[in-house]
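Asker: Next up is a structure, given as structure tokens.
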Amino acid sequence: MERPIFKPLGTPVAQLDTPALVVDLALVEHNIATLHAFFQQREAKVRPHVTAHRCPALAHKQLAAGGTVGGISVTTVGEAEVFADHGFDNICVANEVVTPPKIRRLCALARRARMIVAVDNPANVRDLSAAAAAHGVTLQVVVDLHTRLHRCGVEPGQPAVELARVVHAAPHLELAGLMSYEGPILTTDREALAAESRQCIQRVLDTRALLERAGLPVRMVSVGNTSNYEIAGAMAGVTEVPAGAYALLDARYGPHRPQFTPAARVMTTVTSRPEPGTAIADAGQKAVSVDLGLPIAPDLPGATVASLSAEHCRLRLEAAADDTLRLGDTFWLTPYDIGTCANLYDYIHAVRDGCLEAVWRVAARGQYR
């Protein structure tokens, strides 16, 4: 864990040491209000997928905005434990939980929160049922459907119905419904986005109809994400959308979701000008992440992030940027992927009107298990 060097509230953001992950509260609030307003007018609601930021303070702001199912979505049991410790009592682990230690922890959580977990294999169903019986708890279970990503999930249609029957018959498990994660569909072609989204989601809705004809309960149908929330949320039969990236956004989603604004940036300092056309700054892979793509420097016209090493960012400079950027100057980097960036920090500096308003702990950082 990093040792925090806290500044007094009200400190101008320029006085923070770098690299620092900084969130603009006005932009966060705009992003949240924009998406949540859509769901306040729909039968479907949003279930914030908090893995995108791993920060309980921000998740509380999301639930307080309305238009939600009253709970959150996470990816791991470790994340669920952290958020349960911070007062969240409706948590969907949108992932398969298979190993005995994780299943025991999941059952322990079910004593103090409504826990939902995904399955795609009957052997896992039997293991969850046995553990839940041993702990004297009931787990909510959703059948995970494979619709687009080559990842987890049983095939839609009859394979999903057969697995749902196994869940429904298992002691100490309650069949909650269906989920699918089709992944981000990033395109500026609205017709293409709608067509691909609906094709994926319709397979889930068709499977819902099969379950209901078989007499199986389907209270929950979870599909969609930040890239297509308004399409998923408007389809009859969808009950919730586990969107996550919208609150902070990033350079990956930015060009495709113009109703939101990147609200999280990394402040970095120029530490070297080794030659004309090049600047080195102190935010490298350990501060920004490069897993899915390079960050951008949107406020520096003529500056391009050329590469990141462990501790350094190398900028390629043209025109005015080459003439004006000096040693010790600070500038902003917008991460390409906010999830992998936020996971690098223990704390987020939340600012309003250029001054520090709060310091939020990224409490679920590194909770991979």
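Asker: Could you check the stretch 162-186 and list, in sequence order, the residues that are surrounded by 18 or more Cβ atoms within 10 Å (Cβ to Cβ) and among the aliphatic types (A, V, I, L, M)?
Answerer: 163, 164, 166, 167, 170, 173, 175, 176, 178, 179, 185
Asker: Looking at (1) over 20 Å from the mean Cα position of the chain (by Cα); (2) of a type in the set (A, V, I, L, M, F, W, C); (3) closer than 23 Å to residue 117 by Cβ, which is the one condition that is false for residue 195?
Answerer: (3)
Asker: Would you mention how many residues in the stretch 125-146 are crowded, with 21+ Cβ neighbours inside 10 Å and within 18 Å of residue 202 (Cα to Cα)?
Answerer: 4
Asker: Which of (1) modelled with pLDDT under 95; (2) crowded, with 16+ Cβ neighbours inside 10 Å does residue 189 not meet, given it meets every other one?
Answerer: Status for residue 189: all satisfied but (2).
Residue-by-condition table, conditions (1) touching a residue at least 12 places away in the same chain (Cβ under 8 Å); (2) in the same structural domain as residue 76 (by TED's automatic domain parsing); (3) under 24 Å from residue 209 (Cα atoms):
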site: 113; (1), (2), (3): yes, yes, no
site: 120; (1), (2), (3): yes, yes, yes
site: 126; (1), (2), (3): yes, yes, no
site: 132; (1), (2), (3): yes, yes, no
site: 137; (1), (2), (3): yes, yes, no
site: 148; (1), (2), (3): yes, yes, yes
site: 154; (1), (2), (3): yes, yes, yes
site: 159; (1), (2), (3): no, yes, yes
site: 168; (1), (2), (3): yes, yes, yes
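Asker: So, of the residues in the stretch 196-234 that are aliphatic (A, V, I, L, M), surrounded by fewer than 22 Cβ atoms within 10 Å (Cβ to Cβ) and in contact (Cβ under 8 Å) with a residue 60 or more places away in the chain, which turns out to be nearest to residue 155 (Cα to Cα)?
Answerer: 220
Asker: Among the residues in the stretch 87-94, are any over 15 Å from the mean Cα position of the chain (by Cα), more than 27 Å from residue 145 (Cβ to Cβ) and not in a loop (DSSP other than H, G, I, E, B)? Quick ask: steps written out before the conclusion?
Answerer: Going through the stretch 87-94, the residues over 15 Å from the mean Cα position of the chain (by Cα) turn out to be 87-90.
This time we only want the ones that are more than 27 Å from residue 145 (Cβ to Cβ), so: 87.
Narrowing further to those that are not in a loop (DSSP other than H, G, I, E, B): none.
No; the residues of the stretch 87-94 include none that is over 15 Å from the mean Cα position of the chain (by Cα), more than 27 Å from residue 145 (Cβ to Cβ) and not in a loop (DSSP other than H, G, I, E, B).
Asker: Return the residue satisfying two criteria in turn: it lies in the stretch 313-330 and is at pLDDT 95 or above, more than 10 Å from residue 272 (Cα to Cα) and not charged (D, E, K, R), and of such residues it is nearest to the chain's Cα centre (by Cα).
Answerer: Among those residues, the one meeting the criterion is 313.
Asker: Then there is this: Would you call residue 351 of a type outside the set (S, T, N, Q), assigned to a strand (DSSP E or B) and closer than 19 Å to residue 14 by Cα?
Answerer: On the way: of a type outside the set (S, T, N, Q): yes; assigned to a strand (DSSP E or B): yes; closer than 19 Å to residue 14 by Cα: yes.
Considered against the rule, which asks whether it is of a type outside the set (S, T, N, Q), assigned to a strand (DSSP E or B) and closer than 19 Å to residue 14 by Cα, residue 351 comes out as yes.
Asker: Are any residues in the stretch 272-302 surrounded by fewer than 20 Cβ atoms within 10 Å (Cβ to Cβ) and in contact (Cβ under 8 Å) with a residue 60 or more places away in the chain, and if so, which ones?
Answerer: Passing the criteria: only 282.
Asker: Next question. From the list 93, 142, exactly one residue is out of contact with any helix residue (DSSP H, G or I) (no Cβ under 8 Å at 6 or more places or on another chain), at pLDDT 95 or above and within 24 Å of residue 185 (Cα to Cα). Which is it?
Answerer: Values: 93 fails: out of contact with any helix residue (DSSP H, G or I) (no Cβ under 8 Å at 6 or more places or on another chain).
None of the others qualify; the one that does is 142.
Asker: With respect to residue 174, determine if the residue is acidic (Asp, Glu) and under 26 Å from residue 110 (Cβ atoms). Spell out how you get there, then give the answer.
Answerer: Values: acidic (Asp, Glu): yes; under 26 Å from residue 110 (Cβ atoms): yes.
Yes.
Asker: Restricting to the stretch 260-302, count the residues that are at pLDDT below 95, closer than 13 Å to residue 331 by Cβ and either outside any loop (DSSP other than H, G, I, E, B) or out of contact with any strand residue (DSSP E or B) (no Cβ under 8 Å at 6 or more places or on another chain) (or both).
Answerer: 1
Asker: In the stretch 1-22, how many residues are surrounded by 18 or more Cβ atoms within 10 Å (Cβ to Cβ) and either within 28 Å of residue 232 (Cα to Cα) or in contact with a helix residue (DSSP H, G or I) (Cβ under 8 Å, 6 or more places away or on another chain) (or both)?
Answerer: Residues that pass the stated criteria total 3.
Asker: Would you be able to tell me the number of residues in the stretch 39-64 that are crowded, with 19+ Cβ neighbours inside 10 Å and either part of a loop (DSSP other than H, G, I, E, B) or not small (Gly, Ala, Ser) (or both)? Please lay out each step first, then the result.
Answerer: Initial filter on the stretch 39-64 (crowded, with 19+ Cβ neighbours inside 10 Å): 39, 44-56, 58-59, 62-63.
With the extra rule that they be either part of a loop (DSSP other than H, G, I, E, B) or not small (Gly, Ala, Ser) (or both), the set shrinks to 39, 44-51, 53-56, 58, 62-63.
Selection size over the stretch 39-64: 16.
Asker: Related question: For the stretch 303-315, what are the residues that are within 8 Å of residue 283 (Cα to Cα) and not in a strand (DSSP E or B)?
Answerer: 311, 312, listed by residue number.
The values are calculated or read from the model by the stated rules, or taken from the named source; none is laboratory data. Owing to the predicted nature of the structure, the values given are computational and were not obtained by experimental measurement. In this analysis, Cβ positions are derived from the backbone assuming ideal geometry, glycine residues included, and neighbour counts consider all displayed protein chains.
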